[in-house]
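Heads up, the thing below is written out as structure tokens.
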Amino acid sequence: MRVSIPLTLGALAVAISGCMSDVKPSSDVKTSSGVKTLTFDCSGPGNGWGDCTEKADAKCGARNYTIVARNGDVEGNSSGGNTEMKRTLVASCK
């Protein structure tokens, strides 16, 4: 029991840091007025556009952002044989 608690906490820390690594500043992408944007990655099986908007809410505040672009492309097959969707949302915080 004592060993499982530190392992669980360690796994949780890794999972949280992995979620935040999906948010990237887009220094090369700016709005027409020169506002910096952020790119949110919500690719993979089981993910959707709602995952991207949740990440934007967490970074900018609930609905406190403007969506600049949505990109979604089907990629090759996963190990299970299903196609995977690559999704990115580009937004600027207000």
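Going by neighbour counts of Cβ atoms within 10 Å, the residues CYS60, CYS52, CYS42 line up, fewest first, as CYS60, CYS42, CYS52.
The length gained by stretching the chain between ALA62 and ASN47 to full extension, at 0.36 nm per residue less their Cα-Cα distance, is 3.5 nm. Under 23 Å of direct C-alpha separation, and excluding same-chain neighbours fewer than eight residues apart, LYS86 reaches these lysines: LYS24, LYS30, LYS36, LYS55, LYS59. The amide H of MET85, built 1.01 Å from its N in the peptide plane, has GLY44, GLU75 as neighbours under 5 Å, considering only residues 5 or more places off or on other chains. This ranking places LEU89, LEU38 by how few other beta-carbon atoms lie within 10 Å of each, fewest first, which gives LEU38, LEU89.
When VAL74, VAL35, VAL68 are sorted by how many other C-beta atoms sit within 10 angstrom of their C-beta, beginning with the fewest, the order is VAL74, VAL35, VAL68.
None of the figures in this text is laboratory data; all of them are computed from the coordinates on show. Bear in mind that the values here come from a model prediction, so they are computed numbers and not experimental data. Virtual Cβ from ideal backbone geometry, glycine too; neighbours counted across all protein chains shown.
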